[in-house]
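Read-outs: derived from the displayed coordinates by stated rules, not from any lab. Note that this is a predicted model, so its numbers are computed, not measured. Note: ideal-geometry Cβ built from the backbone for every residue, glycine included; neighbour counts use all protein chains shown.
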Amino acid sequence: MARAVNFGYVGCGFMAQKVHIPNFKSIAGCNFLALAELRTNLGRKVQERFKIPKLYSSHLDLAEDDEIEAVGISGGFHVQGDIARDVLRAGKNVFVEKPMAVTLEQGEEIMNAARKSGARIMVGYMKRYDAGNLLMKDLIDEQRKSSEFGRILYCRNHGFCGDWVSGLDTPMDSTDEPYPEQPPPPVPKWMSEDEYKKYVGYLQQYIHNINLMRWFLDSSDRVKVRGVDLDEDGYTGITVFDMDGIRALLESGGITFYRWDEHTQVYFEHGWIKTWAPPLLMKNATAEVEIYRGVGDRHESLRPIPPERWSWSYHKEAEHFIESLTEGKEFRSPGKDALIDIRLLEEIFRLHLKRAS
C-alpha cells in the first residue's frame, strides 16, 4: 500500500466544513493531523467533531509543524492566496480552493514561493475531476485523433448559475465570534476599488469555466481574449477567446433556478460533444454527456454514461491530490496552469473597462 500523507487544513468556513474537511478525512491515504483557524471556539468545535489531533491558531503555526507535509486551504478570495504563499515557503505541498490568486502579481508570488521551496501546489478546479467532464475530454481527444467528426469549429460555455448548494445537509458548526479581519486586497493599479469588486465577482465564478474550456481544447497558454461585451455590472454578457486557433465563447449571467444552468458544447464539422453540469454541491451526480454524430448518412444522438457513475468531483479532486503526492504524479490542475486563467481575467477586465469608458 502507498504511504499516507500527513495533512493539515487551514480554515473552518462553509466550504471547509461542508466539503473539503469531510472529503480529505474520508481518504485512506490522508493522515489528517492538524487544523488551523483564527476563531478559537470555532476551531475547537470543528476539531472535536472531526476528531483532528492538533489545532493551531494560525496558518503560520501550522506551517511550522515538521510532521505536516501537505496543507489544504480555503478562505477569502484574496487571503487564501497569501496563505498558500506562506505555506509553500515553509516547504509544504498545497491544495488551495480556486481562485489561487486574484491578480497575476499575487499568482506569480505564489509560484515563486513554490519554485524556491520545491513544494507543489494544486488548485481546486473541481470541474476537471467530474467523471462526466473526464469522459467528454476523452471523447474530444479521440475525435481530434480520428478526425471522424472533422475539425473543431467552435466551443461555447453557458453559465447562468442557479442553486449551487442543492440542499447539501452536511452539518456546520458556528459561533458568535466575528469574522477575522482581512488585509486589504491586492487591487491592480489600473483598477478602482469599485471596479475591483465587480472583477472579483466575475473572477470567482467564471475562472472555473475558462479553465474548463482551456482543458477541453488542450489549449494550455495558447489563449487570448478577442472581445468582451459585459453589462455595467461587470458580470452579465459574453467574452470571446481564441484558444489555440479555436473560437470559444463564454456566456455569463445569473438567474433564479433551483438547479444549475451550465453547459459546455464543442462543435465539429460533423457533430458535437456536450456536457451539462450538475448543481455543484450535489453529491454523486456527474455531468451529463451527449454526442451528436452527423457523418454521412449516419445521424444519431448518444448519451454515454461515465464509468464512475456515482462520484462527486470535489471528492475526486481530494483523492487526486493525495494520490499525486504518494505516487509522484503531476497534478491535473497545477498552480502554474492556473496563472494562465488569472492573466486572462485581467485581460477581460482591461477590455471591459476600456469599452465602458
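Within the stretch 283-332, how many residues are more than 21 Å from Ala114 (Cα to Cα), in a loop (DSSP other than H, G, I, E, B) and not aliphatic (A, V, I, L, M)?
Selection size over the stretch 283-332: 14.
Output the number of the condition that Val266 fails; it satisfies all remaining conditions of (1) of a type in the set (A, V, I, L, M, F, W, C); (2) out of contact with any helix residue (DSSP H, G or I) (no Cβ under 9 Å at 6 or more places or on another chain); (3) assigned to a strand (DSSP E or B).
Condition (2) is where Val266 drops out.
Looking at Asp169, Asp194, Asp218, which is the one that is surrounded by 13 or more Cβ atoms within 10 Å (Cβ to Cβ) and among the acidic types (Asp, Glu)?
On inspection, the qualifying residue turns out to be Asp218.
Select, from Ile340, Ile291, the only residue that is touching an Asp or Glu at 6+ places or on another chain (Cβ under 9 Å), surrounded by fewer than 21 Cβ atoms within 10 Å (Cβ to Cβ), β-branched (Val, Ile, Thr) and within 21 Å of Tyr125 (Cβ to Cβ).
From the options Ile340, Ile291, the qualifying one is Ile340.
So which residues in the stretch 221-248 are more than 16 Å from Gly201 (Cα to Cα) and without any contact (Cβ under 8 Å) to a residue 24 or more places away in the chain?
Arg222, Arg226, Val240, Asp242, Gly245
Anything in the stretch 11-28 that is buried (at least 22 other Cβ atoms within 10 Å of the Cβ) and not in a loop (DSSP other than H, G, I, E, B)? List them, or say none.
Matches in the stretch 11-28: Ala16, Gln17, Val19, His20, Ile21, Phe24.
Looking only at the stretch 155-179, which residues are within 30 Å of Leu249 (Cα to Cα) and among the polar types (S, T, N, Q)?
Asn157, Ser166
Keeping to the stretch 93-152, report how many residues are within 21 Å of Glu327 (Cβ to Cβ), part of a helix (DSSP H, G or I) and in contact with a Pro (Cβ under 7 Å, 6 or more places away or on another chain).
Qualifying residue count, the stretch 93-152: 2.
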